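Following: one structure in structure tokens, then a few remarks.
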Amino acid sequence: MEMTDLLIVGAGPAGMAAAVAARSLGLSVIVADENAEAGGQIYRRVLSNSERPRRVRVLGADYLVGLSLARAFVASGADCRAQTTVFEIAEDGSASLVAPGRGAYTVSASA
């Protein structure tokens with residue numbers, strides 16, 4: 001079983017911000033998200049789309065606000081587990097996750 005200080009479910013704006021804050025305090029962080037890239041519904045694929053000027057123009061300036069957050073998230077060193085589903089969180093703080101190529105596994109988190 002893996003151990004971490006903090007397990008965050010979802011790499012949307014709140015999850016990314018929480019991971020950046022926790023890492024700045026020296027905590028170990030795992031972020032599990034079902035999508036291939038961080039950003040959530042609001043900033044979906046913001047890192048990839050930042051290299052596509054036409055798409056950015058269509059999505060607008062508000063969308064690009066997420067770019068600095070996504071970059072800070074990547075730079076934070078949080079362990080982002082893309083394409084990973086959390087399917088159970090137990091009372092003892094452990095969580096069951098599943099990911100392609102890895103199968104099901106358990107992570108124990110302090111929070």
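The values are calculated or read from the model by the stated rules, or taken from the named source; none is laboratory data. A quick note: this is a predicted structure, and the numbers were derived from the prediction, not measured. With ideal geometry, Cβ positions are generated from the backbone for all residues, glycine too; neighbour counts draw on all protein chains shown. Note: accessible area is taken over every heavy atom of the protein model, side chains too, but ligands, DNA and RNA are not part of it. Shrake-Rupley method; radii C 1.70, N 1.55, O 1.52, S 1.80 Å.
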Checklist entry - Which residue out of 2, 51 is surrounded by fewer than 16 Cβ atoms within 10 Å (Cβ to Cβ), of a type in the set (D, E, K, R) and touching a strand residue (DSSP E or B) at 6+ places or on another chain (Cβ under 9 Å)? => result 2
Checklist entry - Of the residues that make up the stretch 39-62, is at least one assigned to a strand (DSSP E or B) and under 18 Å from residue 7 (Cα atoms)? => result no
Item to check | Among the candidates 21, 11, residue that is in contact (Cβ under 8 Å) with a residue 12 or more places away in the chain and not hydroxyl-bearing (Ser, Thr, Tyr) | outcome: 11
Item to check | Residue within the stretch 26-40 that is open to solvent by 80 Å² or more (accessible area, probe 1.4 Å) and modelled with pLDDT of 95 or more present | outcome: yes
Next on the checklist: Looking at the stretch 73-86 only, could you name the residues that are touching a strand residue (DSSP E or B) at 6+ places or on another chain (Cβ under 6 Å), closer than 14 Å to residue 10 by Cβ and not in a loop (DSSP other than H, G, I, E, B)?
Outcome noted: 80, 81, 85, 86
Item to check | Tally, over the stretch 100-111, of residues that are free of Cβ contacts under 8 Å to residues at least 40 places away in the same chain, surrounded by 11 or more Cβ atoms within 10 Å (Cβ to Cβ) and not in a loop (DSSP other than H, G, I, E, B) | outcome: 1
Checklist entry - Which is free of Cβ contacts under 8 Å to residues at least 24 places away in the same chain and either closer than 26 Å to residue 87 by Cβ or not charged (D, E, K, R) (or both), of 43, 63? => result 63
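Residues are listed down the side, and each one gets a yes or a no for (1) charged (D, E, K, R); (2) at pLDDT 95 or above:
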{"position": "57", "(1), (2)": "yes, no"}
{"position": "61", "(1), (2)": "no, no"}
{"position": "64", "(1), (2)": "no, no"}
{"position": "67", "(1), (2)": "no, no"}
{"position": "85", "(1), (2)": "no, yes"}
{"position": "109", "(1), (2)": "no, yes"}
